[in-house]
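Structure first, commentary second.
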Amino acid sequence: MSEATQNQKTIENQQHAFQNAKITVTKNAVKRLKSVMSSDGKDNHFLRMSVEGGGCSGMTYKMDFENKKGEFDKEFESNGLTIICDLKSWLYLKDIEVDFSDDLLNGGFKIKNPNAERTCGCGTSFSA
């Protein structure tokens, strides 16, 4: 196989991986999120995942409830929950997993991000 053919294959594989990446929310996290949505009167809302500048590592995760999708939002379904994400944030959030633990010492939402080069101790910020 020629080098040009190998490079083309590599590009195609990377494009395929990017297009098929997703955001996963575990059953524990979905249960907690739906409970919060219900108590806030937002049963028919989506979970919006995004990132913004700030935090001790450079970028912070943001989770909100919204009832409208943006024109260019990516949309996913995970364990019965619809997740939306803007394209800019998507570059940093593709293939993340959101989990939840009610452990007294280390409880709360935890995000496993394969795109992060460095994360902070509190787990709410990262750099890529």
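The values are calculated or read from the model by the stated rules, or taken from the named source; none is laboratory data. All values derive from a computational prediction rather than experimental measurement. Heads up, the Cβs are rebuilt from the backbone with ideal geometry, glycines too, and the neighbour counts pull from every protein chain shown.
Quick check on GLN14: is it exposed (fewer than 11 other Cβ atoms within 10 Å of the Cβ), more than 13 Å from the chain's Cα centre (by Cα) and modelled with pLDDT under 90? Yes, satisfied.
Among the residues of region 40-49, are any more than 18 Å from the chain's Cα centre (by Cα) and among the aliphatic types (A, V, I, L, M)? No, there is no match, as no residue in region 40-49 is more than 18 Å from the chain's Cα centre (by Cα) and among the aliphatic types (A, V, I, L, M). Within region 90-110, the only residue that satisfies the criterion of being assigned to a loop (DSSP other than H, G, I, E, B), of a type in the set (A, V, I, L, M, F, W, C) and under 30 Å from GLY70 (Cβ atoms) is ILE96.
For the residues ILE11, ILE84, the requirement of being touching an Asp or Glu at 6+ places or on another chain (Cβ under 6 Å) and either on the phi < 0 side of the Ramachandran plot or assigned to a loop (DSSP other than H, G, I, E, B) (or both) singles out ILE84. If the condition is being more than 20 Å from HIS45 (Cβ to Cβ) and surrounded by fewer than 16 Cβ atoms within 10 Å (Cβ to Cβ), then region 82-104 contributes LEU87, LYS88, LEU91, ASP95, SER101, ASP102, ASP103, LEU104.
If we keep just the residues of region 24-57 that are of a type in the set (Ser, Thr, Tyr) and surrounded by 13 or more Cβ atoms within 10 Å (Cβ to Cβ), which is farthest from ASN115 (Cα to Cα)?
Here the answer is THR26.
ALA4 - would you say it is among the aliphatic types (A, V, I, L, M) and surrounded by fewer than 13 Cβ atoms within 10 Å (Cβ to Cβ)? Yes, satisfied. If only residues of region 17-76 that are among the aromatic types (Phe, Trp, Tyr), more than 23 Å from ASP103 (Cβ to Cβ) and outside any loop (DSSP other than H, G, I, E, B) are counted, the one that is modelled with the lowest pLDDT is PHE18.
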